[in-house]
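Please read the structure below before turning to the comments.
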Amino acid sequence: MRRIMAGVVLLLVSMQVAPVSGQSAKYPPLSEYMMTPEAEMALARSAAPENVSAHATVKILTASGFKVAAQGDNGFVCIVMRGWGAPTFTPAPLRDLVYYSKLRAPICFNPVASRTVLPLQELRTKLGMEGKTPDQIAEGVQAAYAKGELPKMETVAFAYMFSADQDLGPGVGAWHPHMMVYTPYYENSMLGGNQFAGGLPIVGDDAGTPFAVTVIPVAHELAVKAQGK
């Protein structure tokens, strides 16, 4: 039976996921995580409806982390998360997605999430690019948060994950377009204990932590294709 995945950006969503087969606890070459700037920008913008993404700042992954490729004016920031954005606290089976170099999770953070969640995802990416294990990434995030090096996540924030071209892991692929709602310290029971595979809102990523994520699937017709695909 396929495992339930809560995916990212990411940093990802709740979904059914097969184990990352054939992967050892070793990172593939960094080049396998990279994209051409043009393709990455198009994929990042596909995370949200055009009225949002056309005016958003876009960051792309470089050998030294995420860098601004296009400056926006609406406070939103779009990126393509890699496997390092997989939940680092719960559920634990998802941690090995850091080694899945093909994972592409376009996400567009609203202004609040751009100030609070994006730094978290950039730190996870930095630690992953340094070769840190999933446990070390989790420890690094916890330490940074405790030291005040990451912004406090004390209010709700949102992000779009509407891309039709996302790859959220083996056996999952594009999954559903969905909203990510960052709900610090939420547990799934606080939403009524909905089933992970039922298509209803759930708390899937990092439940009970400051980084808890509520995932709300939306209609498939809202999925956005990356330009040029």
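The values are calculated or read from the model by the stated rules, or taken from the named source; none is laboratory data. These figures come from a predicted structure and were not determined experimentally. Note that we place each Cβ from the backbone using ideal geometry, even for glycine, and neighbour counts take in every protein chain shown. To get the accessible areas, we keep the full protein, side chains included, count just its heavy atoms, and leave off ligands, DNA and RNA. Shrake-Rupley method; radii C 1.70, N 1.55, O 1.52, S 1.80 Å.
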May I ask you to verify whether residue 133 is open to solvent by less than 10 Å² (accessible area, probe 1.4 Å) and either over 26 Å from residue 226 (Cα atoms) or free of Cβ contacts under 8 Å to residues at least 12 places away in the same chain (or both)?
-> no
Of all residues in the range 121-145 being aliphatic (A, V, I, L, M) and modelled with pLDDT under 95, the one that is farthest from residue 181 (Cα to Cα) | 137
In the range 39-69, the residues that are touching a Cys at 6+ places or on another chain (Cβ under 9 Å), in a helix (DSSP H, G or I) and open to solvent by 30 Å² or more (accessible area, probe 1.4 Å) = 41, 45
Among the residues of the range 203-229 satisfying the criterion of being farther than 23 Å from residue 137 by Cβ and β-branched (Val, Ile, Thr), which is surrounded by the fewest Cβ atoms within 10 Å (Cβ to Cβ)?
-> 218
Of the residues that sit in the range 152-211 and are of a type in the set (S, T, N, Q) and assigned to a loop (DSSP other than H, G, I, E, B), which one is nearest to residue 82 (Cα to Cα)?
-> 166
Look at the range 101-132 and say how many of its residues are over 20 Å from residue 174 (Cβ atoms), charged (D, E, K, R) and in contact with an Asp or Glu (Cβ under 9 Å, 6 or more places away or on another chain).
-> 1
Working carefully through the options 95, 115, find the one that is in a helix (DSSP H, G or I), open to solvent by 20 Å² or more (accessible area, probe 1.4 Å), basic (Lys, Arg) and modelled with pLDDT under 95.
-> 95
Taking only pairs six or more apart or across chains, which ones have beta-carbon atoms under 7 Å, a first residue in the range 96-114 that is of a type in the set (Asp, Glu), and a second residue that is open to solvent by 10 Å² or more (accessible area, probe 1.4 Å) and not in a loop (DSSP other than H, G, I, E, B)?
-> 96/134
Qualifying residues in the range 98-112 (those that are in a loop (DSSP other than H, G, I, E, B) and open to solvent by 20 Å² or more (accessible area, probe 1.4 Å)) - the one farthest from residue 211 (Cα to Cα) = 102
Pairing a residue in the range 58-79 that is touching a residue at least 40 places away in the same chain (Cβ under 8 Å) with any residue that is part of a loop (DSSP other than H, G, I, E, B) and β-branched (Val, Ile, Thr), where Cβ atoms lie under 9 Å and the two sit 6 or more apart in sequence or on different chains, gives 79/9
Check off (1) over 22 Å from residue 68 (Cα atoms); (2) open to solvent by less than 30 Å² (accessible area, probe 1.4 Å) for residue 128 and give me the number that stays unchecked.
-> (1)
Pull up the range 146-178, narrow it to residues that are modelled with pLDDT of 95 or more and among the aromatic types (Phe, Trp, Tyr), then point me to the one that is surrounded by the fewest Cβ atoms within 10 Å (Cβ to Cβ).
-> 158
